[in-house]
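Computed from the coordinates by the stated procedures, all read-outs in this text should not be read as laboratory data. Fair warning: this is a prediction, and the values are worked out from it, not measured in the lab. So basically every Cβ, Gly included, is an ideal-geometry build from the backbone, and we count neighbours across all protein chains shown.
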Amino acid sequence: DNTLDIQQIRKDFPVLDQQINGRPLVYLDNAATNQKPTAVINALTQYYEGYNANIHRGIHHLAEQATAAFEASRRAVQAFLNAKHWEEIIFTYGTTDGINLVAQSYGRRFLKAGDEIIISTMEHHSNIVPWQMLCEEKGCVLRVIPVDDNGELIIEEYEKLLSERTKFVSVVHVSNSLGTINPVKTIIDKAHAVGAVVLIDGAQASSHLDIDVQVLDADFYVFSAHKLYGPTGMGVLYGKKAILDSMPPYRGGGEMIKEVSFEKTTYNELPYKFEAGTPNIADVIAVKTALEYMDGLGKENIAAHEHDLLKYATEQLGELDGLRIIGQAKEKIGVISWVLDGIHHQDTGVILDQQGIAVRTGHHCCQPLMQRFGIAGTTRASFAVYNTRDEVDRLVTGVRRVQKMML
Ligand code: PMP
């Protein structure tokens, strides 16, 4: 029972109201980045037009206004994640940046040769490469949780990988290429049982699921604002206070210091210790607006609507001959990936684009996962709150046309 007025919601997103190649745009690339409501765009403009100033250091009026708005966003994110302390919210440039921060700061300080780091087969490259870089530098060993034919993590195999050598586990909450929702609470509990520290990549979860870092007991949780109706170039690292306190700074520079001299420099308190340099002030401020926008619609309502679209798309696409859906997990968000017999995904993407339909094609930054399924890539449609069943119909008609043209 979904109470959202989608036609009304669509009016909040100016970008949707346009023709592409002579057809109304159907935007189904939301897992890559979703569109921004007017409220978020206005928050950016209001900052630049009304109170643009650098934060924290200024004593003049505009600097205080900007600082207050910036710190209000931190409290909003704290509430969004249900973090215990506001200092546990570190502003980053995105998910990738947050993972690199943890790998470089925590990893270099606390992991040593022979320590094992567990990730999974369905990780985005941003949750693979930083750990490989660390392993190369420190001599740690990367272990990988396998994925079954439905696109679910094989938890029994994960249990076998865990041992007293496991020092870190870094796993995605929701797969960007398959839509699988992983049992992260179980994953975290099992890691903690052997004394390992856990990071959850929440890039795809943040706009679809309720996240409570205290219930999850996650040590680190990262996401990007641009995937939850917020601006690009801005993200969040949540970390437990005691762990963040124990970590050395990641980047050196202004803002992250207490006192600097050539003899000895002392570092700032949390969260500023990890926020060197001038941040994306406008983007951080606008995140609060994005969170309020989602709250206004109700996250359960958004999820219910997207789930309806997923179910409908899975049925409709599932009826096409020669189409194979990759990833049929029991628990999924609104992401559907498929391959067509005899047709390259790139051709599918181009022909859909000719009809004004935006999808993503390729490996979705998950090459090892594609290898697992023995494919080079998929075509992926991913839904947001403003998508409709009519758009799913356009997609299905579009895919039929691809088959007609290519076969
Ligand atoms: N992890 C997942 C699961 C993602 O979907 C993405 C973005 N596609 C990232 C990490 C990286 O996010 P960003 O590019 O915003 O740093």
**OP:** Can you tell me the order of 212-219, 378-385, 230-237, 126-133 when each peptide is scored by its average per-residue count of other Cβ atoms within 10 angstrom, highest first?
**Re:** 378-385, 230-237, 126-133, 212-219
Original post:
Which value in deg cm²/dmol, rounded to the nearest 500, describes the helix-derived mean residue ellipticity at 222 nm for the chain, given -39,500 (n - 2.57) per DSSP H run of n ≥ 4 and division by the residue count?
Top reply: -11000 deg cm²/dmol
Original post:
Ranked from highest to lowest mean number of other Cβ atoms within 10 Å per residue, what is the order of the peptides 258-264, 55-61, 344-350?
Top reply: 344-350, 55-61, 258-264
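Past 19 Å, Cα to Cα: identify those pairs from K227/K288; K299/K332; K84/K240; K138/K167; K311/K332; K167/K273, in the order given.
Working: K227/K288 14 Å; K299/K332 15 Å; K84/K240 9 Å; K138/K167 13 Å; K311/K332 10 Å; K167/K273 24 Å.
Exceeds cut-off: K167/K273.
Determine the gain in length on full extension of the stretch D148-Q346; use 0.36 nm per residue of separation and subtract their C-alpha separation, reporting nm with one decimal.
On the way: separation 198, 0.36 × 198 = 71.28 nm, distance 2.57 nm.
Fully extending the segment from D148 to Q346 adds 68.7 nm.
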Subject >> the stretch 137-210: GluC sites (Glu not before Pro) in DSSP loop, at most 11 other beta carbons within 10 Å >> reply: E164
**OP:** On a C-alpha basis, how far is the centre of the stretch 174-218 from the centre of the stretch 343-407 in Å? Whole number, if you could?
**Re:** 27
**OP:** Excluding residues fewer than 8 places away in the same chain, name every one of the aspartates and glutamates whose C-alpha is closer than 13 Å to that of K112.
**Re:** E136, E137
Original post:
Among the aspartates and glutamates, which have Cα under 16 Å from the Cα of K330 when same-chain residues fewer than 8 positions away are ignored?
Top reply: D148, D149, E152, E306, D308, E315
Original post:
If only Cα atoms are counted, what is the Rg of the stretch 41-295, and what is its Dmax, in Å?
Top reply: 18.6, 60
Original post:
What residues from the stretch 75-93 fall in the zone where the backbone N is under 15 Å from a label point 7 Å along the Cα-to-C-beta line of D212?
Top reply: 79-84
Subject >> Straight-distance crosslink candidates among lysines, where the alpha carbon sits under 18 Å from K160 and sequence neighbours closer than 8 are dropped >> reply: K185, K190
